[in-house]
Amino acid sequence: MGHRMRVVWALIYFMVSVTPTHTFIPGADGPVIAQEALEGGSTSLFCDASADPNDELMLLVWYKNNAPIYSFDARVRTEWSNPSYNTTSRLTADVNQQPTALTVNNLRGDDQALYHCRVDFLLAPTRNIGVNLTVIVPPSRPFFLDELGNKVGSKIGPYHEGDTLVLSCLVIGGRPPPKISWYSGDDLVDASDGESDIPGVKENELYLPLTRNNAQALSCRATNTDLTEPVISTLQIDLYLAAYNVSISWVRGTVEGTLQAGKQVVVKCVAHGSRPPPELSWWLDHRHLTQHSNQSWDNATGIASSHLQLTPAVGDHGATLACVATNTAMPPGRDSKADLTILNVTYSPVVEISMKGDGRLNQVSELDTLHLECEVKANPPVVKYKWFYNDIEIGENSLWGSSTSSATLVVEETTRELAGRYCCSALNGVGETRSDTLNITVLYPPECSEQGIKLVGETLQCIVRSLPPPDTFFWHVQPSDEEVQHLTSGSAYLPLSQITGSLATTLSASCEASNGIASQDKACQKIFHFESLRPPQPQQCDLAYEFEEFQMRCVPVENATYYEVSVWRLSTSNSSLMLERRGSMGYGTGRALARGGTPWLVRGALGSLGPGDEAGAAACNRYGCSPALLLRPTENLLDAASVPWWKFLTEKDFGISIGAVILVAVFILSTWLAVRLARRTRAKPPAPVIQLVHLDDASREYLDTLGGTTRTKGTSIE
């Protein structure tokens, strides 16, 4: 703070301290208010510093036991507090509200004093208001000592009913001195607190005869102010008590206390007031029952309970059911208490349903008689019968006739709509019992469903309704323009592979079924087209010129067994294409499958093709062929297929002709030489001359064609 402010505060303190004052006399100088506060807490001291409209506040001063501790100079708006207080925590003031408040925080014992405020006004006389502040110091938590002076924890005992409990409750400190009271549960049992031999300690000694009524938890409460709750310590008394009340009650399964034979009931046994918890046991006459639930114990109420599930028989009527509660901590003779009840057992009708007839188990053929019997044992006798179909009660004058309220149900002509679950019930004075369900099956011959016959993949399926299911199927199938084929099967499925003939157009099919009850009255009929079973159109084909002719090469497609190739020639008018020929190629022919790299290729010969011609390839199976994929040869293929001018030189016939010409020339030349030599011989005898002529392969082949000519590697001419 600044030097100037410190000077101002010093002047205020000097003015307050040197101002002539007199001792504040409660009542004479002003009113006094009594006020209490807890040690360690806070309290606010209020002072009415309001001025009249024509007056104004000059100075407000608070005194503790006539010593100034705080002042507020309204003229300069300056506060001052005694150095023994800290204005930021221990002592705070609010002079902006009326009445003004002076708050003392973190109260200590020495803050207890007579406070008063003095208010000076410009015109009005000085006003004094006193506050007598009492600082309450709470006592310590009570603790217990037994009659031997030993400290007791949270539990004492055990005791027996009738013993006297001697116990002391002690409390240390507290200002003003606290009051000590004993409570049993919520009931006050002793409030005569007294002084202890120990300074600063208060004590209350309790003498309590123990009974069932005061065996609840004891509590000692110490209090010296209404500003806070009493300080409480609790003590549990371990007191042995036998059960004072045992009762049996029916939980469920009975009607006004009456039991039904064979029907499970639940009975409950409750024992009150036993400490420690008792053991509950069940007895039926002299038989110990062990099939009961584990007993439960409510510590707050001191109630033990056990449930018994009992299924009485007819012979249990008049038997005695007993529940015994035994406190094992107590001596025999005083340890147990029991309750018992006499069983009144009746039973509702025992009902069974059966079918009368020719011996077939729960089955009846359509239009035959259905005869059901409701067999009953009951006590008391049956007064009413009911029949149920699929859990719905059958009324009179319905499909089942008018006799639906007796022990017999008869239907003269049974239809399949009457198949289902049947049961009957009987009513007597105890109750109504329904029999188990009897499932009646009505057998009927096969008949066509709405679909009749349908195609599943490459299989025909005959769809009929019958009970039991059919065991024999008679098929009548006729491919287009062929004879009818009659087939018999034990299955509703007929593979198309069993049908002979072509299926490329239509197939007329009918089926009849038999199930041992009767044969089908009207056959199922349908006409089928198998376009969906044909293979798809080839998509990957090309034309090639191989083996001196055009070839169609295609990647095989799914579901194809052979392929059909066709050649379309351009008409003379160049205006349309005309089919010239069609042929098949398949996997079983010569070059049907040729490995052309990957994948396998299907090949088919086309012969020759000209500009404008087209070649087609279609994938086929027994159900027909796909649309043909048409291809036109390119100029490169047509050039490859044209014959060059020198091609005739390499042909076989041309070689034979050349060989023949050479042989003739050699023959003529040899003859001429022979004649010349002969003439020379006549003129001059010549010596013998031998000439060898070697024949080439072409000459030799030519000679072979002449036939009858003897060939040698060399020919001798003289």
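At least 3 residues being hydrophobic (A, V, I, L, M, F, W, C), at pLDDT below 90 and more than 30 Å from residue 479 (Cα to Cα) is the threshold, and among the strands (runs of 3 or more DSSP E) wholly inside the range 587-647 those reaching it are 601-607. Picking from residues in the range 461-486 that are within 30 Å of residue 363 (Cα to Cα) and charged (D, E, K, R), the one that is surrounded by the most Cβ atoms within 10 Å (Cβ to Cβ) is 465. Checking 670, 657, 699 one by one, the residue that is surrounded by 10 or more Cβ atoms within 10 Å (Cβ to Cβ), modelled with pLDDT of 80 or more and in a helix (DSSP H, G or I) is 670 and no other.
Taking the criterion of being crowded, with 17+ Cβ neighbours inside 10 Å and farther than 20 Å from residue 132 by Cβ, the only residue of the range 96-120 that qualifies is 120. Of all residues in the range 275-319, which are within 19 Å of residue 343 (Cβ to Cβ), outside any strand (DSSP E or B) and open to solvent by 60 Å² or more (accessible area, probe 1.4 Å)? 285, 286, 290, 291, 311, 314, 315, 317 - these are the residues of the range 275-319 that are within 19 Å of residue 343 (Cβ to Cβ), outside any strand (DSSP E or B) and open to solvent by 60 Å² or more (accessible area, probe 1.4 Å). Output the residue which, of all residues in the range 413-442 that are open to solvent by less than 40 Å² (accessible area, probe 1.4 Å) and outside any strand (DSSP E or B), is modelled with the lowest pLDDT. Per the stated criteria, the residue is 430. Of everything in the range 27-45 that is out of contact with any Leu (no Cβ under 8 Å at 6 or more places or on another chain) and not in a loop (DSSP other than H, G, I, E, B), the residue that is surrounded by the most Cβ atoms within 10 Å (Cβ to Cβ) is 30.
Exactly one residue among 450, 458 is of a type in the set (Asp, Glu), within 30 Å of residue 622 (Cβ to Cβ), open to solvent by 30 Å² or more (accessible area, probe 1.4 Å) and touching a residue at least 60 places away in the same chain (Cβ under 8 Å), and that residue is 458.
Quick grid of which residues meet (1) modelled with pLDDT under 85; (2) surrounded by fewer than 17 Cβ atoms within 10 Å (Cβ to Cβ); (3) assigned to a strand (DSSP E or B); (4) touching a Cys at 6+ places or on another chain (Cβ under 6 Å):
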| site | (1), (2), (3), (4) |
| --- | --- |
| 522 | no, yes, no, no |
| 550 | no, no, yes, no |
| 560 | no, no, no, no |
| 584 | yes, yes, yes, no |
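I'd like the full set of residues that are of a type outside the set (A, V, I, L, M) and either in contact with a Phe, Trp or Tyr (Cβ under 9 Å, 6 or more places away or on another chain) or open to solvent by 60 Å² or more (accessible area, probe 1.4 Å) (or both), limited to the range 209-227. Hits for the range 209-227 are 209, 212, 213, 216, 219, 220, 221, 226. Considering only residues that are open to solvent by less than 70 Å² (accessible area, probe 1.4 Å) and among the small types (Gly, Ala, Ser), look in the range 59-95 and name the one that is farthest from the chain's Cα centre (by Cα). If we take residues in the range 59-95 being open to solvent by less than 70 Å² (accessible area, probe 1.4 Å) and among the small types (Gly, Ala, Ser), then 67 is farthest from the chain's Cα centre (by Cα). Just one residue in the set 558, 546 is out of contact with any His (no Cβ under 7 Å at 6 or more places or on another chain) and within 20 Å of residue 607 (Cβ to Cβ); that residue is 546. Does residue 445 fit the bill of being open to solvent by 30 Å² or more (accessible area, probe 1.4 Å), at negative phi and not in a strand (DSSP E or B)? Spelling it out, it is not the case that residue 445 is open to solvent by 30 Å² or more (accessible area, probe 1.4 Å), at negative phi and not in a strand (DSSP E or B). Within the range 248-274, the set of residues being open to solvent by less than 30 Å² (accessible area, probe 1.4 Å), under 40 Å from the mean Cα position of the chain (by Cα), more than 23 Å from residue 327 (Cβ to Cβ) and touching a residue at least 40 places away in the same chain (Cβ under 8 Å) comprises 265, 266.
Kindly evaluate residue 180 against the criterion of being part of a strand (DSSP E or B), under 60 Å from the mean Cα position of the chain (by Cα) and buried (at least 16 other Cβ atoms within 10 Å of the Cβ). When the stated conditions are applied, residue 180 does not pass them. Do the conditions hold for residue 344, that is, is it in contact with a strand residue (DSSP E or B) (Cβ under 6 Å, 6 or more places away or on another chain), at positive phi and open to solvent by 20 Å² or more (accessible area, probe 1.4 Å)? No; evaluated as a whole, the condition is false for this residue.
Of all residue pairs spaced 6 or more apart or on separate chains, those with beta-carbon atoms under 7 Å, a first member in the range 144-171 that is part of a loop (DSSP other than H, G, I, E, B) and a second member that is open to solvent by 80 Å² or more (accessible area, probe 1.4 Å) and of a type outside the set (Gly, Ala, Ser) are 154/236. Are any residues in the range 369-389 open to solvent by less than 70 Å² (accessible area, probe 1.4 Å) and over 17 Å from residue 354 (Cα atoms), and if so, which ones? Within the range 369-389, 378, 380, 382 meet the criteria.
Selection of the range 234-247 for residues being of a type in the set (Gly, Ala, Ser), in contact with a strand residue (DSSP E or B) (Cβ under 6 Å, 6 or more places away or on another chain) and surrounded by 17 or more Cβ atoms within 10 Å (Cβ to Cβ) yields only 243.
The values are calculated or read from the model by the stated rules, or taken from the named source; none is laboratory data. What you see is a predicted model, and the numbers here were worked out from it, not measured in a lab. With ideal geometry, Cβ positions are generated from the backbone for all residues, glycine too; neighbour counts draw on all protein chains shown. Ligands, DNA and RNA are excluded from the accessible area calculation, which covers all protein heavy atoms including side chains. Shrake-Rupley method; radii C 1.70, N 1.55, O 1.52, S 1.80 Å.
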